[in-house]
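Notes follow the structure.
Derivation of every value follows stated rules applied to the coordinates shown; laboratory data play no part. Keep in mind that this is a model prediction, so the values were computed, not measured. Reconstructed Cβ throughout: ideal geometry from the backbone, glycine too, with neighbour counts over all protein chains shown.
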Amino acid sequence: MTNASQKRSSWLALGAVPLLFAALFALQTRIDARTRTEAQEELLLRSPRAIEKISLGYDSLLADIYWTRAVQYYGGKLADQNLHFPLLWPLLDISTTLDPKLLPAYHFGAMFLSEPRVGANRPDLAVELVKRGIAANPDRWGLYADLGFLYYWYLRDYGDAASAYLAGSHTPQGPAWMKFMAARLDQKGGSLENSRMIWTQVYESNSDPKIRKLALDTLKGLKAEQDEQELEAVASEYRRRFGRYPASIAEMRDSGLLRGTPVDPDGYPYVLEPDGLFGLNARSTVAIPLEPRTPPRSLAK
């Protein structure tokens, strides 16, 4: 083959790359448009290794495309209030296999996967994703913080959470608070105080408005939960002194056991319920955090 023919073949091969990506994207878009029901959802290519082979060296570019699709897929599901995400893991799997340095995919992807209320409720897959990120980026302390958070909040595994925070503190730029957090988890496990500290760190270290809102809402709920526990302890003390639970908050104030009228983070008074229990006002938007549903342990592929 002549030099001119070789050059022409090379240029044709290079020109085919964007056409290949465009065709792949267009075909996948048509599939997405045609398969809107949950039972019919498909992904054109599910194998990260197969996609890697046809990427012709444009791994990072294709990873960005799949990561963008993952974000759009997640956002579209939220908009439709359809909290079933069968394609989320495959999209994240492909993105991070093509580009192991794609840090936002690990961080935000873990949030998308783990959340029980506005996500896939798969903290097991989120842990798998973040561990993959740590293996590829061992000096990134933020990934260890993500892993510690997942173990602590969603899996209630305080020992592994402490280990993750401690490992993060040993990275080149690991902040001192991670070692402190590890020690606190070893001492107090899943206490409300620790939960509020960890969610405060999530709020302060993120710029994404959705994650910040989730963190702020959770912090409000944790504050309300702590308030209710403290008020119920006061009601129990009232019963010890007077032989019965208080009939009203006013009785608790008159006894000297309570000052003022306690209100939740939204400013609404707490409601005294039978047997000395407390609850939230019906008009309040505060929500006590729910225990995550137990996720399946097997990894969806």
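Distance distribution note for region 162-251: the fraction of Cα pairs above 14 angstrom is 73%.
The aspartates and glutamates within cross-link reach of residue 179, meaning a Cα-to-Cα straight distance under 19 Å and a gap of 8 or more places when in the same chain, are 139, 146, 157, 160, 193, 204. Net charge around residue 214, counting only other residues with Cβ within less than 12 Å of its Cβ (Lys, Arg = +1; Asp, Glu = -1)? Value of the local net charge: +2. With R₀ fixed at 45 Å, the C-beta to C-beta distance from residue 59 to residue 248 puts the FRET efficiency at about 0.10.
Where a ≥ b ≥ c are the square roots of the eigenvalues of the C-alpha gyration tensor, would you call region 169-212 rounded, which needs a/c under 1.5, or, failing that, prolate if a/b is larger than b/c, or oblate? Oblate, since a/c reaches 1.5 and b/c is not below a/b. Which of the three applies to region 134-192, rounded, prolate or oblate, going by the alpha-carbon gyration tensor with a ≥ b ≥ c and a/c under 1.5 meaning rounded? Oblate. Can you tell me how region 90-227 classifies by the Cα gyration tensor, rounded, prolate or oblate, using a/c under 1.5 as the rounded cut? In terms of gyration-tensor shape, oblate.
The alpha-carbon of residue 77 sits under 13 angstrom from the alpha-carbons of these aspartates and glutamates, leaving out residues fewer than 8 places away in its chain: 32, 38, 41. Hull volume per residue, based on the alpha-carbon atoms of region 88-161 and their convex hull, is 70 Å³. Annotation: extensible slack from residue 192 through residue 84 equals 35.9 nm (criterion: 0.36 nm per residue apart, minus Cα-Cα distance). Backbone amide hydrogens, once placed in the peptide plane, bring residue 278 within less than 5 Å of 273, excluding anything fewer than 5 places away on its chain.
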